[in-house]
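Structure first, then comments.
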Amino acid sequence: MIERSPAAQLAAVILPTERGLSWLSHVLCETKEEDGEVRNASIHPSLLNGDTSNSRRPSILIRICAANLLVAAAVSLSGCEIQFTPEPIPLAFPSGEAPLPSSGYELEYVPELWNDGGEVQFSTNCYAYMLGSRLGHPINDKPQPGDLSGDYYIRNGGPIGVDKIVELTKSDAEFVDIRFEDSTAEASCPSGSYKVALVIDPLVDYHWYRQNPDGTWSSKSGWLPVTELDASGHTISDPRTADRDYGFVNYTEFGGFFCTASR
């Protein structure tokens, strides 16, 4: 047995009845007949007033018209019911993948605060972004690990390595009295701190990521805009598995996870 849609069932009930056709024709339209032809159709005033009590019995032409309208509506609605399939809501993480543990103290991901095309964007880099330090830096400059504690190893062209970057960053954190300590992917950072990650292009460059409140990761490469996408344009769910080959620089070495607090 074929089960009919609610709209088709409604049509089956109303169509066979003269009263139903009369009601439909007068509610939907007002028509004038001249020489046996329908000359005009418009919205019936009774529809606006909510009163169809004074409607007269419609002619056979009007009743046929009303029946056709109802059948068309029933078919159309039935089609909608059959064809409609809701689109799935996109997920932040690939199927089966869970975000790395977070502390609840992650800095909000608000790229427009950094991507101003001016003073903020061109005075900050991944190090400033990792620390949440947005203001107070000289324009056309990039803060470097060691700057706060007075060690200008990187500015003097020293070779880049994981141990040296971690050493300089810890010195800066101690100088301004903020937390910076080793962590792991599976650990949650202590209250008041959030997780960051270091990657290295050996002897060439370093790069920092920080975890967002939703578990994704974001960063700022030099004077480029803040983004949560990797080199392939994918949302970063784990810095260890993100595409870090940008062509001009390739961060092949993962330097570890750390917990820090904003400056």
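The values are calculated or read from the model by the stated rules, or taken from the named source; none is laboratory data. Because the structure is a prediction, the values reported are computed rather than measured. Please note: Cβ atoms are built from the backbone with ideal geometry, for glycine as well, and neighbour counts cover all protein chains shown.
Look through THR260, THR252, THR216, THR235 and report the one residue that is among the hydroxyl-bearing types (Ser, Thr, Tyr) and more than 21 Å from GLY132 (Cα to Cα). Outline the logic, then answer.
Details: THR260 fails: more than 21 Å from GLY132 (Cα to Cα); THR216 fails: more than 21 Å from GLY132 (Cα to Cα); THR235 fails: more than 21 Å from GLY132 (Cα to Cα).
Unique residue meeting the criteria: THR252.
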Item checked: Of all residues making up the stretch 175-207, the number that are hydroxyl-bearing (Ser, Thr, Tyr) and touching a Cys at 6+ places or on another chain (Cβ under 6 Å) -> 2
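From SER103, SER183, SER188, which residue is farther than 20 Å from PHE254 by Cβ and at pLDDT 95 or above? Spell out the reasoning first.
On the way: SER183 fails: farther than 20 Å from PHE254 by Cβ; SER188 fails: farther than 20 Å from PHE254 by Cβ.
Step by step, each of SER103, SER183, SER188 is checked, and only SER103 is farther than 20 Å from PHE254 by Cβ and at pLDDT 95 or above.
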Note to self: Can you tell me which of (1) part of a loop (DSSP other than H, G, I, E, B); (2) surrounded by fewer than 17 Cβ atoms within 10 Å (Cβ to Cβ) is the one ASP147 doesn't meet?
What the structure shows: (2)
Next item on the list: Determine whether ALA242 is part of a loop (DSSP other than H, G, I, E, B), of a type in the set (A, V, I, L, M) and under 22 Å from SER183 (Cβ atoms).
Entry: yes
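Check ASP172, ASP177, ASP147, ASP214 and return the single one that is over 19 Å from LEU107 (Cβ atoms) and out of contact with any helix residue (DSSP H, G or I) (no Cβ under 6 Å at 6 or more places or on another chain).
ASP147
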Checklist line | Odd one out for TYR153 among (1) among the hydroxyl-bearing types (Ser, Thr, Tyr); (2) touching a helix residue (DSSP H, G or I) at 6+ places or on another chain (Cβ under 7 Å); (3) closer than 19 Å to SER219 by Cα | finding: (3)
Margin query: Just checking, does the stretch 133-155 include any residue being touching a strand residue (DSSP E or B) at 6+ places or on another chain (Cβ under 7 Å), closer than 20 Å to ARG210 by Cβ and hydroxyl-bearing (Ser, Thr, Tyr)?
Written below: no
Next item on the list: Might you check whether a residue that is touching a strand residue (DSSP E or B) at 6+ places or on another chain (Cβ under 7 Å), in the same structural domain as TYR152 (by TED's automatic domain parsing) and within 25 Å of GLY117 (Cβ to Cβ) occurs anywhere in the stretch 244-258?
Entry: yes
